[in-house]
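Below you'll find the structure, written out as structure tokens, and then a few comments.
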Amino acid sequence: MEWNTTPSGDCKEVTDSNITMQAKEKMTKAVAHLEEELKNFRAGKANPAVFNSVMVDYYGSATPLPQVASINTPDAKTILIQPWEKKLIPTIEKAIMDANLGFTPANNGEQIRINIPALTEDRRKELVKQAKTEGETAKVSVRNARRDVIDAHKKFQKEGLPEDVCKDAEATIQKESDAFNKKIDEIISAKEKEIMTV
């Protein structure tokens, strides 16, 4: 990880807080990324967010489905996709099939209807496993940010930053990483409950 500032003389303490802030930003981004990824996990009820990553060929460029159609959920088991242009219907259907989301789109010439099938027990367990893997990836990012702060402070200490300042910084970043890991566990636990609720 490259830091924005280098310690020299009196600016070491300023750098110290910059590094900790940068690490917190990385941890925040890891949690935000996890939340975004988990939106794509279908939990047996209609959720338009599962289409955020579906790319449609729109005049030669890959465009996210929500940018070429409106996506609505009239009830918990149905998703309606209304393309801005009717001629996009076959292209959108193909993109949904290619995305391998487990949906079979059907159209009436005006819009695409998707009936959400109930998830099997095996599929639910598989989704929980995937969610936990995403959570572990987020935790690795948090650990890496924490380690980088500690490594930077060891270097600063060799260059003259007082030991107690380094120890305080290490304690602070440890508290931060513990809090972020707890948040990740809570997010995964909530997602697991959502997936397993029939």
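The values are calculated or read from the model by the stated rules, or taken from the named source; none is laboratory data. What you see is a predicted model; the values in this text were computed from it and never measured. Heads up, the Cβs are rebuilt from the backbone with ideal geometry, glycines too, and the neighbour counts pull from every protein chain shown. Just the protein is used for accessible areas: all its heavy atoms, side chains included, with ligands, DNA and RNA removed. Shrake-Rupley method; radii C 1.70, N 1.55, O 1.52, S 1.80 Å.
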Single residue of segment 125-153 satisfying the filter (of a type outside the set (S, T, Y), open to solvent by 20 Å² or more (accessible area, probe 1.4 Å) and touching a residue at least 40 places away in the same chain (Cβ under 8 Å)) that is farthest from I188 (Cα to Cα): D148
Scope segment 54-90; condition farther than 13 Å from N107 by Cβ, in contact (Cβ under 8 Å) with a residue 24 or more places away in the chain, open to solvent by 70 Å² or more (accessible area, probe 1.4 Å) and of a type outside the set (A, V, I, L, M, F, W, C); matching residues: D57, N72, D75, K77
Test set (1) touching a helix residue (DSSP H, G or I) at 6+ places or on another chain (Cβ under 6 Å); (2) farther than 21 Å from A30 by Cα - I150 fails condition number: (2)
Residue among T120, T104 that alone is modelled with pLDDT under 90, of a type in the set (S, T, N, Q) and closer than 20 Å to E194 by Cα: T120
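Does segment 173-181 contain at least one residue that is of a type in the set (D, E, K, R) and over 19 Å from L34 (Cβ atoms)? Write out each step before concluding.
Just the residues of segment 173-181 that are of a type in the set (D, E, K, R), to begin with: 175-176, 178.
Of the ones still in play, those that are also over 19 Å from L34 (Cβ atoms) are 175.
For segment 173-181, residues of a type in the set (D, E, K, R) and over 19 Å from L34 (Cβ atoms): present.
With respect to N100, determine if the residue is in a strand (DSSP E or B), free of Cβ contacts under 8 Å to residues at least 60 places away in the same chain and open to solvent by 30 Å² or more (accessible area, probe 1.4 Å).
Numbers: in a strand (DSSP E or B): no; free of Cβ contacts under 8 Å to residues at least 60 places away in the same chain: yes; open to solvent by 30 Å² or more (accessible area, probe 1.4 Å): yes.
No.
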Given (1) free of Cβ contacts under 8 Å to residues at least 40 places away in the same chain; (2) exposed (fewer than 13 other Cβ atoms within 10 Å of the Cβ), index of the condition P105 fails: (2)
Residue match in segment 38-60 (condition: charged (D, E, K, R), modelled with pLDDT under 90 and under 30 Å from D178 (Cβ atoms)): yes
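If I go through segment 108-124 residue by residue, how many of them are open to solvent by less than 70 Å² (accessible area, probe 1.4 Å) and either hydrophobic (A, V, I, L, M, F, W, C) or on the phi < 0 side of the Ramachandran plot (or both)?
Filtering segment 108-124 down to residues open to solvent by less than 70 Å² (accessible area, probe 1.4 Å) leaves 109, 111-112, 114, 116-117, 119, 124.
Subset that is either hydrophobic (A, V, I, L, M, F, W, C) or on the phi < 0 side of the Ramachandran plot (or both): 111-112, 114, 116-117, 119, 124.
Looking only at that region, the number is 7.
For every residue, the table says whether it meets (1) within 30 Å of V68 (Cα to Cα); (2) modelled with pLDDT of 90 or more; (3) part of a helix (DSSP H, G or I).
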| residue | (1), (2), (3) |
| --- | --- |
| I96 | yes, no, yes |
| R113 | yes, yes, no |
| V140 | no, yes, yes |
| A145 | no, yes, yes |
| D151 | no, yes, yes |
| K167 | no, no, yes |
| Q174 | no, yes, yes |
| I184 | no, yes, yes |
| S189 | no, yes, yes |
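Just to be sure, is A179 in contact (Cβ under 8 Å) with a residue 40 or more places away in the chain and either more than 30 Å from K87 (Cα to Cα) or exposed (fewer than 12 other Cβ atoms within 10 Å of the Cβ) (or both)?
It is false that A179 is in contact (Cβ under 8 Å) with a residue 40 or more places away in the chain and either more than 30 Å from K87 (Cα to Cα) or exposed (fewer than 12 other Cβ atoms within 10 Å of the Cβ) (or both).
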